[in-house]
Each structure stands twice: as C-alpha cells, then as structure tokens.
Amino acid sequence: MRKEVKIWEGAHAGIVNISNVAYVLTNERLITTFGALFKSQEDIELVDIRKIYVDQSILDKVSNRGLVKISYKGGKMEMDINNPWEVKEKIRSAVLDAKDRLNISYRQEFA
C-alpha cells in the first residue's frame, strides 16, 4: 500500500481569510478545505490535472502573491496564494511524478 506524503501546505493569501480556505498538496492529490463553522473538502487527483498556470497583477508581483489556476478532468479551480510560481512548480512536479508512477503518458490521457 502506498503512503500519502504531504508536499506543500498553504492558505488563501487574502488580507482576511473569511472562508477559511486551506490547501494541501500530497503525492496523490490536491486537497482544498474551506469553511469556518462547517467544513467542506474537495480532492483533485493529481493524475486528473491537465493545465496549471499563474495569473499575477503588478501589485501581486510586488507582494509575491497571485492566482494559481488549475484545469482538471471535470472542472477548474483557482488558488489565491503566496509564492504562486513556486507552488505551481511543486504541483507540476507532483503531477508528473504521479503520472509516471501509474505509467500514464500524455498520449494515453486523450485516448
């Protein structure tokens, strides 16, 4: 049995995190939890992630924050976080490792 390992952990980068959004990247999935009184959780399997990119305004660049946008099989999500370029590369690397581990190639995804 494979052990799930935490790679990165972060939270919403807004001035106030009213919705209490937190993110955890593991070697198998990207987990988003939100809610102060009532907790909800969304899991995205890394092998389902198709595209990752960063959106930053000039002000975001100065404060080293931005949106990491992810499209995956079944939807899209945005993470407003600090150090977006670093986090994007961590996600990208984890996705490639997960696909390698399962012998999934780019061509097989679209077959």
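The values are calculated or read from the model by the stated rules, or taken from the named source; none is laboratory data. Just so it is clear, the model here is predicted, and its values are computed rather than measured. Neighbour counts are summed over all protein chains in view; Cβ atoms, including those assigned to glycine, are modelled from backbone coordinates with ideal geometry.
Of note:
- The set of residues from the stretch 64-85 being crowded, with 18+ Cβ neighbours inside 10 Å and within 16 Å of Arg50 (Cα to Cα) comprises Val68, Ile70, Tyr72, Met79.
- Selection over the stretch 9-66 of residues that are in a loop (DSSP other than H, G, I, E, B) and over 26 Å from Asn103 (Cα atoms) gives a count of 18.
- Yes/no for Lys88 being surrounded by 12 or more Cβ atoms within 10 Å (Cβ to Cβ), touching an Asp or Glu at 6+ places or on another chain (Cβ under 6 Å) and either within 15 Å of Leu25 (Cα to Cα) or modelled with pLDDT under 95 (or both): no
- If the condition is being free of Cβ contacts under 8 Å to residues at least 40 places away in the same chain, more than 12 Å from Ile81 (Cβ to Cβ), surrounded by 11 or more Cβ atoms within 10 Å (Cβ to Cβ) and among the hydrophobic types (A, V, I, L, M, F, W, C), then the stretch 25-59 contributes Ile31, Phe34, Ile44.
- For the stretch 65-76, a residue qualifies if it is closer than 13 Å to His12 by Cα and of a type outside the set (Val, Ile, Thr), and the qualifying residues are Arg65, Gly66, Leu67.
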